[in-house]
Structures are given as C-alpha cells and as structure tokens.
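This report concerns only the one structure given below.
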Amino acid sequence: MKPVKILVVDDERIVRDSLQSWLREAGFEPITASSGEEALEIIDNEPVNLFIIDLKMPGMDGIELFRNIKKKVEPALAVFISAYGTVESAVIAMKEGAFDFIEKPFCPERVELILNKMVEHLSLTEENIQLKREMEKKYSYQNIIGKSPKMRRVYELIETVAKTNTTVLIQGETGTGKELVARAIHFASERRNNPFVVVSCVNIPETLLESELFGHEKGSFTGAISTKKGKFEIAHKGTLFLDEIGDLPFQLQAHLLRVLQEKEFTRIGGHEVIKVDVRVISATNKNLLTEVREGRFREDLFYRLNVITIEIPPLRERREDILLLANHFLKKFSEENKKEISGFSRRVIDFFMSYDWPGNVRELENFVEHAVVVCSSKIIDIDDLPISSASSTIPKYKNKTLKEVEKAHIESVLEETGWNISKASSILGISRLTLYKKIKDYGISKNS
C-alpha cells in the first residue's frame with residue numbers, strides 16, 4: 001500500500017524534523033513547510049489531503065492557511081498544533097473544520113492515533129465523493145438515451161430549469177422515465193451534493209403518507225414509538241421528488257401547498273415549526289387539469305407545482321429512439337449476464353419499430369432483459385421475446401386504439417404468466433398497484 005502523504009507546516013525546525021521522523025517511522029510520507037506561503041506552493045504541485053498545521057506562525061497563521069487550503073483541496077483534513085493552547089483557540093480551529101487540536105509538547109503515539117483516524121475518515125470521504133461523481137455521471141441528462149426532436153427539447157428544459165430553484169412538474173405515461181429526468185435536474189443543479197429524496201404518492205397507504213412527508217413526534221399516534229423525520233426534513237438543501245402527485249389524497253394537498261408557500265411545517269403531534277429549503281419536483285401520468293376540473297386536485301396546488309412543465313413523450317411518439325434504446329439495453333444486459341450477443345434479427349427490429357409500447361421505455365427494457373437471459377445464440381430472435389406469437393402481434397394491433405392495444409397486451413401477458421401479478425407487472429414495466437388498477441379499469445378477468 002502506498003504511504004499516505006501528510007504536509008507538516010510549522011515555523012520551528014525542531015518540530016518539523018521531529019514530526020517528519022516520527023511520521024516516517026509510522027509508515028506515512030511526510031512533507032514539511034516552514035510557512036503558510038511555502039505550504040500553498042507545495043499543494044499546487046503535490047496531491048496532499050492530510051495536514052498538521054501550527055496555529056501560531058509569523059505572517060500567514062494556521063487558520064488563514066487552512067482556509068486557503070480548503071479552496072484548493074477537497075477533501076482537506078487538518079490537525080492543529082499549538083504551544084499556546086487555549087479553549088478559545090481550539091474552538092476557532094474546530095469551527096474552521098479542524099479534525100483535532102493538539103497542544104505542544106505532544107507525544108508521538110497520540111499524533112499517530114489521530115492520523116490513523118484521519119486516514120480512515122479520508123478514505124470514507126473519498127469513497128463518498130467518488131460515489132457522488134458516479135451518480136452525477138449516471139443521472140446526467142447527457143446519459144438519457146434519445147436523439148429525437150422531442151427528447152432534445154426535454155434536454156434543453158432540463159438544462160434551463162436546473163439553474164433555478166423553481167418547482168417543476170414532469171408529465172408522461174408510465175415507464176417514460178420521469179424519475180430519470182427529475183434526477184437529471186437535481187444532479188445538474190447547485191443542490192447536487194445534497195439529498196435527492198423520492199416519495200411515491202401512490203405506493204404508500206394514505207394513513208401513513210402524512211407521516212412520511214412531514215414526520216411525527218413520539219407518541220403522536222398508535223405505533224409512533226419514536227420521533228421520525230419526514231421526507232421534507234430529510235431533503236433539506238436538496239430535492240424532493242413527489243412521484244405520482246396526481247394520487248396525493250385531497251386532504252394532504254392543503255398541507256403540501258402550505259409547505260410550498262411558507263417553506264415550513266410541523267411534525268404530526270409536534271409544536272416546533274421546522275423551516276426547510278427544498279426544491280420540489282413532481283411527476284404524474286394523469287392529466288392534472290382534468291383532475292382539477294373534476295374536483296380531485298386543488299387548483300391552487302396545481303399552479304404552485306406547475307411553474308415549469310416538462311412533457312416526456314411516449315416511446316411510440318419517438319420511434320427514432322427505439323433501436324438506440326434497445327441497443328443500449330442489449331449492451332447493458334449482455335455485460336451483466338456475461339453473454340456475447342451482437343444484435344437483433346430483422347423480425348425483432350420490425351416488431352420493435354411497429355409495436356406501440358404501452359409500457360414505454362420500461363417495457364422495452366424488460367423485453368430486452370428477458371430476451372438476453374433466454375437467448376442461446378449471438379442474435380436475439382422473435383422467439384426470445386417475452387410475448388407469445390410476437391411476430392403476429394403487429395398485424396393484430398393495426399387499426400386499434402391505444403387503449404385496445406394496451407388491454408390486449410395486458411391480457412396476453414397475464415395469460416402467459418398464469419396471472420402471476422408480480423411477473424406480469426415486471427414484464428409490463430409497471431408497478432403491481434398500477435397493474436391492478438388497469439385490470440379493474442379495463443374489466444379484465446381470468447375468463448375474459
């Protein structure tokens with residue numbers, strides 16, 4: 001393992017030499033500087049994250065030096081040392097973000113113990129920074145697949161709204177990638193280093209949703225055995241993504257409106273007013289204006305959420321993206337399953353381009369994943385797709401409305417899976433609750 005570099009900054013030569021000797025024996029790679037100015041020159045040329053800094057030095061003192069270091073180095077961890085140790089100087093050092101404070105004279109064993117803790121902390125910090133960078137890259141809007149004019153318009157809006165703190169409403173059918181767009185906005189914004197918190201307004205029981213959003217105090221209701229922070233509190237300084245906002249219970253809509261207006265709330269059973277700085281992005285597959293007209297959604301909340309609207313087109317309206325997405329998923333799942341599959345047969349391509357994809361991108365992804373798993377050759381053919389008689393699906397669906405196509409496809413998948421709701425919802429790329437709703441809406445039964 002390569003020794004960890006530590007920069008020792010002290011105007012006393014004997015202190016620098018002593019620390020350099022001790023640190024080398026402990027397995028570190030020490031570098032020394034006699035002043036703040038010299039230290040800044042070193043970090044311009046050497047990658048250093050750990051520092052031992054004398055608090056009192058001629059010219060630039062230790063506090064000023066550390067402030068300058070933090071502008072150049074991330075992460076920067078420092079131990080301050082001083083022969084003039086007072087509570088006041090220790091407090092100042094800790095307020096500046098010092099890892100620890102040691103009075104001179106000090107014993108090498110204590111210094112080594114603190115440095116080992118710093119190395120462990122540095123490792124975790126660097127892992128977190130790397131993870132954040134990977135998340136930023138993964139959810140960058142440049143990684144959303146699509147070259148169609150409608151998707152280019154989506155990219156433009158993501159780039160524009162990411163620079164602001166305004167609320168955003170993302171509209172699109174199930175499976176179009178609304179959460180992916182929300183994440184892209186977050187990771188392109190100044191809030192990227194703070195939480196991105198997701199709340200599904202449809203998958204959480206109505207009785208628990210208020211607690212999920214706003215939290216509760218211990219004893220506020222049966223089962224509240226401890227105080228719990230709500231998602232708004234957890235998302236402070238970051239972004240709260242309210243998925244399927246059209247399903248938010250009517251009585252909770254007034255609470256949400258107040259938080260959006262006042263930027264404050266109280267937990268259930270609490271009295272303390274909690275102020276939050278949260279950007280809210282919401283998404284729905286419903287027509288909220290229709291919901292407003294029919295009295296199921298508050299008009300004032302609709303306009304508060306709908307400052308900027310991003311419409312995600314269904315896959316059938318951007319057919320030029322279908323093969324681009326299919327090849328992306330093919331590469332992804334071939335690598336995950338350690339298979340060498342080079343492409344799709346002509347029949348599969350024709351099917352992909354003619355099918356209306358009621359489950360949108362999520363359905364296409366599930367089709368390709370299934371096909372990769374069962375494929376036994378280098379090319380995916382029609383029999384590898386997770387539908388019965390896929391080759392006859394295209395003519396069967398001609399001159400049909402979208403609802404008729406969706407109903408027929410759902411019936412086909414349910415029949416193929418023996419009415420296993422979990423398997424069917426996975427193939428269709430929708431949640432179990434959404435599938436149950438569609439079964440009810442379309443009047444589908446085992447005998448239909």
Handout entry: Distance violations [Cα-Cα > 27 Å] among LYS147/LYS231; LYS70/LYS229; LYS71/LYS263; LYS163/LYS403; LYS178/LYS231
Key = LYS147/LYS231; LYS70/LYS229; LYS71/LYS263; LYS163/LYS403
Practice task
Could you work out how far apart the two model spin labels at ARG293 and SER220 are, taking each label as a point 7 Å from the Cα in the direction of the beta carbon, and quote it in nm?
Solution key: 3.8 nm
Problem - Paramagnetic label zone (point 7 Å from Cα along Cα-to-C-beta, SER18; backbone N under 15 Å) in the range 64-91 - result: 81-85
Problem - Choice from GLU46, GLU190, GLU416 showing the highest fluctuation, given a GNM over the chain with Cα pairs closer than 10 Å - result: GLU46
Exercise for the section: Provide, for q = 0.06, 0.09, 0.11 Å⁻¹, the log10 of I(q)/I(0) from a solvent-free Debye sum over equal Cα point scatterers in the chain. Expected result: -0.42, -0.80, -0.98
Practice task
Any chance you could give the angle, 0 to 90 degrees and rounded to 10, that helix 322-336 forms with the longest Cα principal axis of the chain?
Solution key: 60 degrees
Practice task
Go through 211-217, 116-122 and give me the packing order, highest mean Cβ count within 10 Å leading.
Solution key: 211-217, 116-122
Fill in the blank from the handout: A chain fully extended from ILE234 to GLU109 at 0.36 nm per residue, minus the present Cα-Cα distance, gains in nm 41.0 nm
Handout entry: Footprinting exposure proxy for ARG192, ARG432, ARG279 (fewest neighbouring C-beta atoms within 10 Å first)
Key = ARG432, ARG192, ARG279
Handout entry: Label-to-label distance, nm, for residues given as THR309 and HIS255 (7 Å Cα→Cβ offset)
Key = 2.8 nm
Practice task
Return the single residue from ILE53, ILE308, ILE14 with maximal mean-square fluctuation; model: Gaussian network over the chain, springs between Cα atoms under 10 Å.
Solution key: ILE14
Exercise for the section: List, in order, the whole-Hz ³J(HN,Hα) value for each residue of the range 185-198 obtained from phi through the Karplus relation with A = 6.51, B = -1.76, C = 1.60 and θ = phi - 60°; use x for Gly and Pro. Expected result: 4, 4, 6, 9, 9, 6, 8, 4, 8, 10, x, 10, 10, 10
Completion exercise
Listed by chain and number, the aspartates and glutamates with an alpha carbon less than 20 angstrom from that of LYS446, same-chain partners under 8 positions apart left out, are GLU404, GLU406, GLU411, GLU415, GLU416
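Rule-based calculations on the coordinates, nothing more; no lab input. Just so we're clear, the structure is a prediction, and the values are computed from it rather than from any experiment. All Cβ positions, glycine included, derive from the backbone under ideal geometry; neighbour counts span all protein chains shown.
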